[in-house]
Amino acid sequence: MESLDTWGISDCGLIRQNNEDAWLIDPELGVAIVADGMGGASCGEVAAALAVETVVEYLRHPAAPAPPAELLVEAVRQANRRVFLHAQTQEDCQGMGSTIVAALWRLPRIYIANVGDSRAYLFRDRQLIQLSYDQTLVNELRVKFGLTAEEVSNFPHKNVLTMAVGASPEVTIRTHEESLIPGDQILLCSDGLSGPVPEEEIAAVMAGAEPLSVKADRLIQAAKAHGAPDNVTAVLLRYE
């Protein structure tokens, strides 16, 4: 019988006083989400929570039947509208927003949608493959002008987003579809993990034989070993 083993974990990191990441796994709906909020006061936390909540609400009660990929995109679009409206109506939350990366599965197919730089990875045959697309200034320049790995590493504004949930009335949503095979693992994470921790280290953790709960904790500890300057969230899925 097809199934996904799942686990999620989040940590403030070593510098931040509050956690503006939000995450959710709903096996019944077949969805997992990670969101990384930004904004004044505690509004980043509000934006991330609203984004996750809205995606789940839409998937539970979609406006009309649609294929899974379309449902997920529309759910993220609804999240963008809700966060944007909240930011417009709450003066202290103007300018707030959130990244989001979501996985919706109808096994063996899995559908990924993302806005911003929270990432989705596939770990297969000991290889870590990024499925999401970073909507950041440095990545757009890399794609457009062919920046080298060294130029990307030395770029002074690596965290500048070109797209975020709630930042504008409309949003560009990046998508990916994948057919899973037994043993595949999916990692959804905020940039508190993918930023400081090299992908080789993430892959080494994913390659272990431990339960997902142990792997998730090891990923958090890896981020802390690299200073954990931001909140760290990791959601792991394994196809059995």
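Brief remarks on what is shown
- Once the chain from Glu57 to Glu199 is taken as fully extended at 0.36 nm per residue, the excess over their C-alpha distance is 47.8 nm.
- Two-decimal ratio, the range 1-128, of alpha-carbon radius of gyration to 2.2 N^0.38 Å: 1.10
- Diffusion coefficient (Stokes-Einstein, Kirkwood radius over C-alpha pairs, 4 °C, 1.567 mPa s) for the range 1-71: 93 µm²/s, rounded to a whole number.
- Highest average packing first - 182-194, 103-115, 77-89, 204-216, Cβ atoms within 10 Å: 182-194, 103-115, 77-89, 204-216
- In the range 106-240, the alpha-carbon atoms span a convex hull of 128 Å³ per residue.
- Summarising the label geometry, the points placed 7 Å from Cα in the beta-carbon direction at Ser3 and Leu141 lie 4.8 nm from one another.
- Net charge in the neighbourhood of Gly116 (other residues with Cβ under 11 Å of its Cβ; Lys, Arg +1, Asp, Glu -1) is -2.
- Normalising by residue count, the range 74-121 has a Cα convex hull of 65 Å³ per residue.
- Note that the chain presents 46 Å² accessible area per residue, ligands and nucleic acids not counted, probe 1.4 Å.
- Helix-derived mean residue ellipticity, 222 nm - over the chain, DSSP H n ≥ 4, -39500 (n - 2.57), to 500: -10500 deg cm²/dmol
- For the range 60-155, the direction-averaged projected area of the alpha-carbon convex hull comes to 9.4 nm².
- For the chain, the relative contact order comes to 28 percent (Cα pairs under 8 Å, sequence separation of at least 6).
- Rounded to the nearest 20 debye, the dipole size of the chain about its Cα centre is 240 debye, using +1 on the Cβ of Lys and Arg and -1 on the Cβ of Asp and Glu.
- Percent accessible area from carbon and sulfur atoms, the range 171-239, protein chains only, probe 1.4 Å: 50
- The rule of thumb for compact globular proteins, 2.2 N^0.38 Å, goes into the C-alpha radius of gyration of the range 41-92 1.22 times.
- Over every Cα atom in the range 161-240, the radius of gyration and the widest Cα-Cα span, Dmax, amount to 14.7, 44 Å.
- Coil-residue GluC sites (Glu not before Pro) of the range 9-71, DSSP, other Cβ within 10 Å capped at 13: Glu28
- Panel note: the C-alpha atoms of the chain, placed on their principal axes, show extents of 49, 46, 37 Å (largest first).
The values are calculated or read from the model by the stated rules, or taken from the named source; none is laboratory data. From a predicted model like this one, the values you see are computed outputs, not experimental measurements. All Cβ positions, glycine included, derive from the backbone under ideal geometry; neighbour counts span all protein chains shown. For the accessible areas, the whole protein counts, side chains as well, though only heavy atoms, and no ligand, DNA or RNA atoms are used. Shrake-Rupley method; radii C 1.70, N 1.55, O 1.52, S 1.80 Å.
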